[in-house]
Structures are given as structure tokens and as C-alpha cells.
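See structure below.
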Amino acid sequence: MASVLFVCLGNICRSPMAEGAMRAAAEAARLELTVDSAGTAAYHVGEPPDPRAVACAAAHGVDISRLRGRQAILDDFYDFDHIFALDGQNLANLRRIMPDDATATLGLLLDVIPGQEGKPVPDPYYDGEDAFDYTWRLVSAAADAIVVKLQG
Ligand code: 4NP
């Protein structure tokens, strides 16, 4: 079974939303997939996702309330097939700690969407609910594109 990991900064907004969107997209496509998320920072380890992220995912029929924050670890580079960073800063930080013999691929999440290559999923943490809706739109489009890639 293929496995994917989404990584943002805090693991309470963008990457848990990406995890939820990915689970939903895989389930809808009947694709068996291991999905997880993590943060490059440890600020929110053990915490549930931000209530605004939980509400936004719930509005799209996806329950992410039981996820808990964790920090990305070296084992992730061997345990997952694909690691997707939500923005360039987190991608750079992951590249810095990626072991030479890592077996995972590492890339920017929006690189999976034609026309969106190189773009970040902006951090909605300091913004309002609209920002979370925008995050959801981006991560669900990426999740759909990942399903197509993995099925293709
Ligand atoms: P995330 O958002 O990286 O999408 O989970 C953030 C959450 C918390 C913080 C920053 C970004 N923080 O500084 O606590």
C-alpha cells in the first residue's frame, strides 16, 4: 500500500486538513492509502487541529477532530513513500534533515497540480475563516491530483 505524509509548520492547520482531504479522496476513489501528517515545529505536539480547521473540514464532510499534532522525524523519510511539504519554508527545513539514503520522495504539495507548481499553501493560522476555506480548496485539489498520480 502506498503511503503519503503531509508536513506544515504546526501540524494543526494545513497538514491535518491535507490529511483529511487525502483520506476522503482516496476513499472516494477506493484507493488504499496510508495517510499521515506532521509539523516541522514542535509547538503543538499532542494537540488537536485548530478549531477553525476542524470546522472547515467538517463543513466538507470530513472529521479531523481526532488527529493529534506530531513533529516530523527522521523515520518518516523511510516509513513513507511520498512526503509533501505545504510550503517552501517547510520544504527547505525537511531537505535540511533528509538523510542521504532516504527512501521517500520529497516535494512541494502544489507541484502535483498542473499550473500551481512552486506555489505554497499559505498559512491560514493568523487569518480568518476564509483563509481556511482557501486552504481546503488547495489541499483537496492536491489530494485529487495525488489519487490520479497513484492510480496512473
Ligand atoms: P500550520 O499553521 O503550520 O498550518 O499548522 C500554524 C499553526 C501554528 C503556528 C504556525 C502555523 N504557530 O506559530 O503556532
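The values are calculated or read from the model by the stated rules, or taken from the named source; none is laboratory data. These numbers were taken from a predicted model, which means no experiment stands behind them. Ideal geometry is used to build each Cβ from the backbone, glycine not excepted, and the neighbour counts take in all protein chains shown. Remember, those area values only see protein heavy atoms, side chains included, never the ligands or the DNA or RNA. Shrake-Rupley method; radii C 1.70, N 1.55, O 1.52, S 1.80 Å.
Among all positions in the stretch 51-58, there is at least one residue which is away from the ligand (no atom under 16 Å from the Cβ) and over 18 Å from residue 149 (Cβ atoms).
Identify all residues within the stretch 1-29 that are more than 8 Å from the ligand (Cβ to nearest atom), within 13 Å of residue 40 (Cβ to Cβ) and surrounded by fewer than 23 Cβ atoms within 10 Å (Cβ to Cβ); write none if there are none. Once the filter is applied, which keeps residues that are more than 8 Å from the ligand (Cβ to nearest atom), within 13 Å of residue 40 (Cβ to Cβ) and surrounded by fewer than 23 Cβ atoms within 10 Å (Cβ to Cβ), the stretch 1-29 yields nothing.
For the stretch 110-152, which residues satisfy the criterion of being assigned to a helix (DSSP H, G or I), in contact (Cβ under 8 Å) with a residue 60 or more places away in the chain and open to solvent by 70 Å² or more (accessible area, probe 1.4 Å)? Of everything in the stretch 110-152, those that are assigned to a helix (DSSP H, G or I), in contact (Cβ under 8 Å) with a residue 60 or more places away in the chain and open to solvent by 70 Å² or more (accessible area, probe 1.4 Å) turn out to be 129, 133, 144, 151.
Answer yes if at least one residue in the stretch 67-82 is open to solvent by less than 10 Å² (accessible area, probe 1.4 Å), β-branched (Val, Ile, Thr) and either modelled with pLDDT of 95 or more or within 15 Å of the ligand (Cβ to nearest atom) (or both), and no otherwise. No, every residue in the stretch 67-82 fails to be open to solvent by less than 10 Å² (accessible area, probe 1.4 Å), β-branched (Val, Ile, Thr) and either modelled with pLDDT of 95 or more or within 15 Å of the ligand (Cβ to nearest atom) (or both). The residue that is nearest to the ligand (Cβ to nearest atom), counting only those in the stretch 30-40 that are assigned to a loop (DSSP other than H, G, I, E, B) and surrounded by fewer than 21 Cβ atoms within 10 Å (Cβ to Cβ), is 31. When residue 51 is tested against (1) open to solvent by 50 Å² or more (accessible area, probe 1.4 Å); (2) within 27 Å of residue 1 (Cβ to Cβ); (3) without any contact (Cβ under 8 Å) to a residue 24 or more places away in the chain, exactly one condition is not met: (2). Residues of the stretch 87-109 that are assigned to a loop (DSSP other than H, G, I, E, B), aliphatic (A, V, I, L, M) and in contact (Cβ under 8 Å) with a residue 40 or more places away in the chain: 104 alone. When restricted to residues that are within 30 Å of residue 51 (Cβ to Cβ) and either among the acidic types (Asp, Glu) or in contact with an Asp or Glu (Cβ under 9 Å, 6 or more places away or on another chain) (or both), the stretch 114-133 contains 13.
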